[in-house]
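Written out below as structure tokens is the structure these notes cover.
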There are 2 protein chains.
Amino acid sequence: MPPSELDQLCINTIRFLAVDAVQKANSGHPGLPLDAAPMAYVLWTRFLKHNPADPRWIDRDRFVLSAGHGSALLYALLHVTGYAAMTLDQLQRFRQWQSLTPGHPESHVTEGVETSTGPLGQGIANAVGMAIGEAHLAARYNRPGHEPFDHHTYVLASDGDMMEGVQAEAASLAGHLRLGKLIVLYDSNRVTLSGTTSLAFSEDVAARYRSYGWHVQRVPDGNDLDALDRALRAARDETAQPSLIVVQTVLGFGAPTKAGTFAAHGSPLGVDEVRKTKANLGWPEQPAFFLPDPAMHHLRSALEKGQTAEAAWKRRFTAYREQFPELADEIERRFRGELPARWTDSLPVFPADPKGIATRKASEVVLQELARTVPELVGGSGDLDPSTYTWLKQDGDFESPQRPRDDVQGAAGGGWGYAGRNIHFGVREHAMGAAVNGLAYHRGFVPFGATFLVFSDYMRPPIRLSSIARLQSIWVFTHDSIAVGEDGPTHEAVEQLLALRAIPGMVVLRPADANETRYAWQVAVERTDGPTTLVLTRQNVPTLDRRVYAPADGLRRGAYVLNPAQTEPELVLIGTGSEVSLIVAAESALRERGVRVRLVSMPSWELFADESDEYRESVLPASATARLAVEAGCSIGWDRWVGSRGAILSVDKFGSSAPGEVVMKEYGFTVDHVVERALALVRHKG
Amino acid sequence: MPPSELDQLCINTIRFLAVDAVQKANSGHPGLPLDAAPMAYVLWTRFLKHNPADPRWIDRDRFVLSAGHGSALLYALLHVTGYAAMTLDQLQRFRQWQSLTPGHPESHVTEGVETSTGPLGQGIANAVGMAIGEAHLAARYNRPGHEPFDHHTYVLASDGDMMEGVQAEAASLAGHLRLGKLIVLYDSNRVTLSGTTSLAFSEDVAARYRSYGWHVQRVPDGNDLDALDRALRAARDETAQPSLIVVQTVLGFGAPTKAGTFAAHGSPLGVDEVRKTKANLGWPEQPAFFLPDPAMHHLRSALEKGQTAEAAWKRRFTAYREQFPELADEIERRFRGELPARWTDSLPVFPADPKGIATRKASEVVLQELARTVPELVGGSGDLDPSTYTWLKQDGDFESPQRPRDDVQGAAGGGWGYAGRNIHFGVREHAMGAAVNGLAYHRGFVPFGATFLVFSDYMRPPIRLSSIARLQSIWVFTHDSIAVGEDGPTHEAVEQLLALRAIPGMVVLRPADANETRYAWQVAVERTDGPTTLVLTRQNVPTLDRRVYAPADGLRRGAYVLNPAQTEPELVLIGTGSEVSLIVAAESALRERGVRVRLVSMPSWELFADESDEYRESVLPASATARLAVEAGCSIGWDRWVGSRGAILSVDKFGSSAPGEVVMKEYGFTVDHVVERALALVRHKG
């Protein structure tokens, strides 16, 4: 068979696997697989370095389907190139209960799927994180003649991706960082769910990407395999800039009545249109899920090519190991997701201090030690390092080695190039979130991203996705309440704490003092199968005297009794974060009045809920119904912990602009008010 | 005094009012006022059409300080131009408790402040909404020779704004819509909170805006008043494109040691540096808050100019009224925020129907009638109209009259130009949210924005701001649970419902059927002093037979008893939205088993919480402790309503990809399972 005919056979095999899967499910998006199959085919058979037999090969190229609604295309590619788990049966169970072929790709469900995409714009921003990851690992571990890290990150993106703000932020960041190994294929079919892009989208995307510093090419015909090949080659040759290839396509290519219309976007073509599309492209109507032998023979050569490539890499890695045994060990350890031995030994212990320090500041101290012992810890903030205190001071900035730094101020340290571990995300919280996820998807990292708690709202989608995809993304949110003060309600978190707790699978930690902060970081770094959120104060909080109060590692159980010696409490005061110091002070005042108070620090609802019934009963006995929770956040959800007879001192309105201590006082967060509320409960009880 | 000297005197008056306010508060951002005072001065004294004596004049130009951290500049401008409420005392109480000068501008606190800004990127996107508003009102009400609407929207934006994704989305939309009366001054000082922009931001912003279709100019020296004047004039002359003016400035201009450094960004200069800055710019050290007479005389001429301009406009409006009395009445009614007489009379009543319709579909029916009676209802979706059903079918698309429509598909209807009421926001949820807020800030609108519930995460910041600023923004979120089905967990809302309820001041409504949906819209349209969120199903739900069950206007009280005839319940079933049909069916099954069940539909926690204790007791009597809440969302917060002895049937993990009815069944949302859980409660009670 002539090469060009074989190419078309392969492309149509991919196209109709996807179309048949959508039609069988009677649900899904057939348009993108029909138009994007040629570019995917060229990429996967001529460029993509992967081994279907080992989807976790460290140095594989990453492929991100940012247009996650085209999932059937990805599943078809996985099947035809030989990923064992992606059987034909799975394709036939597209979008069905517990299949490996869910409606949008889910990386923790399906081997070979690199990212969980679907919410538009996320994939391309994840890819920026992956490319950061590759650049960093290469800078850190590669040596002359020894390059264990040398892979590309490819993206297939759609018009919808190109409209999303997170994409814009990420693309600007990638241009700034000159991530030369990032290559985006933009499937420009000019049709979206609700119509043609001319309804809402007439910008010049190519010019926009040039303004970011990208290398931009156009392929005027998405079916022109030679042009696609040339463009991909040129993109790989351009190593100093990320590449965008704008590929002009026709949505639902080949569908005689629906091609180029939004009817081909988000609904199955229909039995009749599928039949006509197959006829139109010279494809047999039956059987469905047709796999012609010559096509499969050609496509499955990916297995042999992949095995060969990985075997060669392994030989090179063996040579690398001989020269650099410690580095090789470290690489393998990082990709196993194992932490270094004895990494917690040197974490700081903070002495008791009534004046205390802000938990963001304690976090800074802990971070410096973690940075020393855990090299995979890499991250940054959304232009707030001087406030979030998240610089790793012994390490430098992650930056393009080509970029002049003459006018740089405020950096952690220059001259590190891509080996720096402090990523300056800019005022781009959303892209930061998605890029941190990208580092986690890549593996080899314990990544973190930091901003003010109130701005977690700017990055809810990637935070949610970190939990769906079970990524070890660590979210560091400082300035955690109305105590922020002068900046006012737009900068004071109220409902964000609850909104984060509400995300399934998220662990939220609001440590009470410096020593709880240390354990909060420990929990986050140990939690390799899901995200953790640290919620930290702007203002100082006392460092509790742990000779008087229970040890701070109680944080690991979510809630613990601070004063276990008080065994017959008539009242339970529950606090989190900065409000623990309030309940501690209130306990003294109440004790003077003869009230027997139990103090509970409750840094995490989720960890506490995961404890045994016995442990929970030991902290919050059912008999102790007089309970007051004190937290400078909204009250919703606290009823579960205080019960029908308990009370909640909370913030159920927006904050105010005034010095932080004034705002706290006006909102009732004083020792006197806690005492008053507590006494009302005890009296009420009596 | 020569004009140029007077200009400098005025500019320095503004500069040092702001600097002294920051210094007195010992908190705030002095850098931007120092560098941006010249452009603000030129804009406010030579271009801005405003009347300080009537901050609500309908046809005033709107000025948006997108860089809300520069609030002291805005307060200084309001004071010097004669806004009565902005006294010198208020400036001296900058950032203090209950002052009119909070840390970031709050439109509901301070007259003359058009928008609540501070979270970066929001202001510029609000301004796009305002410019949409002006264009729409002009297209709808202006007549040849009679133009009651003819104002500009000006923005002062910072480097931080230019990095945010919401800004990118909004700018792309504005370029597409060719909003020629939108003019953005970009104060490009190249310094952010954490350092110079060279750390993270090296794109060519001017080229980017050109790629969106904007008219772009550069002013190389932000102190060059003539150049600023020329650029603003050219921007106004360009009526077919929005305008960006990139003004190169030096952050903290004049501060001898801190100018151009990030030390001048977010902290007071310090007493010593203030002294030296004053000396440097030829300003007396004392008194602080110095107001030289010649400057004030010149600046306060804004009052007379404003009075003259508004008086002229009023004469023209009187002439307009004579010709078009009904239109004039309608304009004034809209700006008073009053609804048309008898607007609810014709809202549909849906007949009982066991098969029913989706509440998104019922919403579509209600919307068509609302569109007919309430002309201020204007909105659109984030590229999801065919799914959210939010097209106003009798009206056309909001679009530039200049744009060719040859290839448009999927539109509500062409040829309306800016008079269309269906805004195509594109796949830009975040900008949609901020633009809807912009319409509300502008006044004269009851604006709405629609997308899937799960994507409310993409627009949390503007949703929150709509509540802070007490805007009548209506958020319509369809596809509200795991019942979405095939699209899978990334598209299935779980925690979003709670996260929205958590926003202070938000009213969230999840109607149970078509008739509750009608009242949900009524609540939203009537609620002029705050935002409302409608949460609607993708799937059909039965339309309850209201001859059997209580009237649907019970929705207005947040929760109500569906079967009040059952006066001695031993069990209370509480449901919201699509789960009400489940509890209704379960009640029949339980009745057959002799269990006396009360049915409560609870579409809104917030409205119910606002009811009297008596009403709440009448719905959920304290004595009825056996309560089961059924909602396909996360359980947090339900404890408040079911109490310590109650139970919750909820979703506390992510959704799954499978047909919606399969997912609902697998997650326990079946009549049998509700019955089982209910019986367990009654047995437990016994």
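The values are calculated or read from the model by the stated rules, or taken from the named source; none is laboratory data. Only a predicted model underlies this, so the values are computations on that prediction, with no experimental measurement involved. Counting neighbours? That spans all protein chains shown, and the Cβs are built from the backbone with ideal geometry, glycine included. Protein only, heavy atoms only, side chains kept; ligands, DNA and RNA dropped before computing areas. Shrake-Rupley method; radii C 1.70, N 1.55, O 1.52, S 1.80 Å.
If I filter segment B:472-483 for residues that are surrounded by 24 or more Cβ atoms within 10 Å (Cβ to Cβ) and within 10 Å of chain A (Cβ to nearest Cβ), do I get at least one hit? Checked against the condition, which is being surrounded by 24 or more Cβ atoms within 10 Å (Cβ to Cβ) and within 10 Å of chain A (Cβ to nearest Cβ), segment B:472-483 yields no hits at all. From the list B:Ala72, B:Ala84, B:Ala125, the lone residue that is in a loop (DSSP other than H, G, I, E, B) and of a type in the set (A, V, I, L, M, F, W, C) is B:Ala84.
Here is a yes/no grid of residues against (1) more than 14 Å from A:Ala18 (Cβ to Cβ); (2) surrounded by fewer than 24 Cβ atoms within 10 Å (Cβ to Cβ):
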{"site": "A:Asp89", "(1), (2)": "yes, yes"}
{"site": "A:Gln92", "(1), (2)": "no, yes"}
{"site": "A:Arg95", "(1), (2)": "no, no"}
{"site": "A:Ser99", "(1), (2)": "yes, yes"}
{"site": "A:Thr110", "(1), (2)": "yes, yes"}
{"site": "A:Ser116", "(1), (2)": "yes, no"}
{"site": "A:Gly129", "(1), (2)": "yes, no"}
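Regarding segment A:207-218, can at least one residue be identified that is more than 12 Å from chain B (Cβ to nearest Cβ), touching a helix residue (DSSP H, G or I) at 6+ places or on another chain (Cβ under 9 Å), assigned to a loop (DSSP other than H, G, I, E, B) and not aromatic (Phe, Trp, Tyr)? Checking segment A:207-218: not a single residue is more than 12 Å from chain B (Cβ to nearest Cβ), touching a helix residue (DSSP H, G or I) at 6+ places or on another chain (Cβ under 9 Å), assigned to a loop (DSSP other than H, G, I, E, B) and not aromatic (Phe, Trp, Tyr).
The residue list B:Lys305, B:Lys276 contains one member that is open to solvent by 20 Å² or more (accessible area, probe 1.4 Å), out of contact with any Asp or Glu (no Cβ under 9 Å at 6 or more places or on another chain), within 20 Å of B:Val42 (Cα to Cα) and at pLDDT 95 or above, which is B:Lys305. In segment A:521-554, the qualifying residues are those that are under 20 Å from A:Ala585 (Cβ atoms) and hydrophobic (A, V, I, L, M, F, W, C), and the one that is most open to solvent (accessible area, probe 1.4 Å) is A:Val548. Here A:Ala227, A:Ala235 are screened, and the one residue that is surrounded by fewer than 23 Cβ atoms within 10 Å (Cβ to Cβ), in the same structural domain as A:Ala125 (by TED's automatic domain parsing) and of a type outside the set (Asp, Glu) is A:Ala227. Tell me whether segment A:516-535 contains one or more residues that are out of contact with any Lys or Arg (no Cβ under 9 Å at 6 or more places or on another chain), touching a residue at least 12 places away in the same chain (Cβ under 8 Å), under 24 Å from A:Val662 (Cα atoms) and away from chain B (no Cβ under 14 Å). Looking through segment A:516-535, none of the residues is out of contact with any Lys or Arg (no Cβ under 9 Å at 6 or more places or on another chain), touching a residue at least 12 places away in the same chain (Cβ under 8 Å), under 24 Å from A:Val662 (Cα atoms) and away from chain B (no Cβ under 14 Å).
With respect to B:Ala139, determine if the residue is crowded, with 24+ Cβ neighbours inside 10 Å and among the aliphatic types (A, V, I, L, M). Here the answer is no, as B:Ala139 does not meet what is asked. Restricting the first member to segment A:270-291 and to residues that are farther than 23 Å from A:Gly82 by Cβ, and the second to residues that are among the hydroxyl-bearing types (Ser, Thr, Tyr), the beta-carbon pairs closer than 8 Å and six or more apart or on different chains are A:Glu273/A:Thr257; A:Lys276/A:Thr257. All conditions but one from (1) under 30 Å from the mean Cα position of the chain (by Cα); (2) of a type in the set (Ser, Thr, Tyr); (3) at the interface with chain B (Cβ under 9 Å from one of its Cβ atoms) apply to A:Ser601; the one that does not is (3). Just the residues that are facing chain B (nearest Cβ under 10 Å) and part of a helix (DSSP H, G or I), please, taken from segment A:457-471. Across segment A:457-471, the qualifying residues are A:Asp457, A:Tyr458, A:Met459, A:Arg460, A:Pro461, A:Pro462, A:Ile463, A:Arg464, A:Leu465, A:Ser467, A:Ile468.
Among the conditions (1) over 21 Å from the mean Cα position of the chain (by Cα); (2) closer than 26 Å to A:Pro105 by Cα, A:Glu203 misses just one, which is (2). Screening segment A:670-686 for residues that are at pLDDT below 95 and among the basic types (Lys, Arg) and picking the one that is most open to solvent (accessible area, probe 1.4 Å) gives A:Arg683. Set side by side, the residues B:Glu338, B:Glu369, B:Glu326, B:Glu332 differ, and just one is open to solvent by 20 Å² or more (accessible area, probe 1.4 Å), away from every other protein chain (no Cβ under 14 Å), without any contact (Cβ under 8 Å) to a residue 60 or more places away in the chain and over 22 Å from B:Gln472 (Cα atoms), which is B:Glu326. In summary, B:His298 fulfils each of the numbered conditions (1) touching a residue at least 12 places away in the same chain (Cβ under 8 Å); (2) assigned to a loop (DSSP other than H, G, I, E, B) with the single exception of condition (2).
The set of residues in segment B:87-115 being assigned to a loop (DSSP other than H, G, I, E, B) and more than 10 Å from chain A (Cβ to nearest Cβ) consists of B:Thr87, B:Leu100, B:Ser107, B:His108, B:Thr110, B:Glu111, B:Gly112, B:Val113, B:Glu114, B:Thr115.
If the condition is being touching a helix residue (DSSP H, G or I) at 6+ places or on another chain (Cβ under 8 Å), over 18 Å from A:Tyr186 (Cβ atoms) and assigned to a loop (DSSP other than H, G, I, E, B), then segment A:227-269 contributes A:Gly254, A:Ala255, A:Pro256, A:Thr257, A:Lys258, A:Ala259, A:Gly266, A:Pro268, A:Leu269.
Selection of segment A:372-386 for residues being modelled with pLDDT under 95 and either open to solvent by 30 Å² or more (accessible area, probe 1.4 Å) or on the phi < 0 side of the Ramachandran plot (or both) yields A:Leu384, A:Asp385, A:Pro386. For segment A:638-670, filtering for residues that are in a loop (DSSP other than H, G, I, E, B) and either farther than 25 Å from B:Glu606 by Cα or within 34 Å of the chain's Cα centre (by Cα) (or both) leaves 12. Restricted to segment B:143-166, and to residues there that are among the hydrophobic types (A, V, I, L, M, F, W, C) and at the interface with chain A (Cβ under 8 Å from one of its Cβ atoms), the residue that is surrounded by the most Cβ atoms within 10 Å (Cβ to Cβ) is B:Val166.
Restricting to segment A:639-669, give me the number of residues that are more than 9 Å from chain B (Cβ to nearest Cβ), surrounded by fewer than 17 Cβ atoms within 10 Å (Cβ to Cβ) and at negative phi. Summing the residues that are more than 9 Å from chain B (Cβ to nearest Cβ), surrounded by fewer than 17 Cβ atoms within 10 Å (Cβ to Cβ) and at negative phi in segment A:639-669 gives 2. Taking segment B:167-206 as the range and being facing another protein chain (nearest Cβ under 7 Å), over 27 Å from B:Phe425 (Cβ atoms) and of a type outside the set (A, V, I, L, M) as the test, the residues that pass are B:Thr192, B:Ser194, B:Gly195, B:Thr196, B:Ser198, B:Ser202.
For B:Leu281, the stated conditions hold: it is open to solvent by 20 Å² or more (accessible area, probe 1.4 Å) and more than 30 Å from B:Gln402 (Cβ to Cβ). Counting only residues that are open to solvent by less than 10 Å² (accessible area, probe 1.4 Å) and farther than 17 Å from B:Ala174 by Cα, segment B:416-457 holds 10 of them.
Residue check: is A:Leu498 facing another protein chain (nearest Cβ under 9 Å), over 16 Å from the mean Cα position of the chain (by Cα), open to solvent by less than 10 Å² (accessible area, probe 1.4 Å) and at negative phi? It is true that A:Leu498 is facing another protein chain (nearest Cβ under 9 Å), over 16 Å from the mean Cα position of the chain (by Cα), open to solvent by less than 10 Å² (accessible area, probe 1.4 Å) and at negative phi. Among the residues making up segment B:219-244, those that are among the polar types (S, T, N, Q) and either within 14 Å of another protein chain (Cβ to nearest Cβ) or closer than 18 Å to B:His152 by Cβ (or both) are B:Thr239, B:Gln241, B:Ser243.
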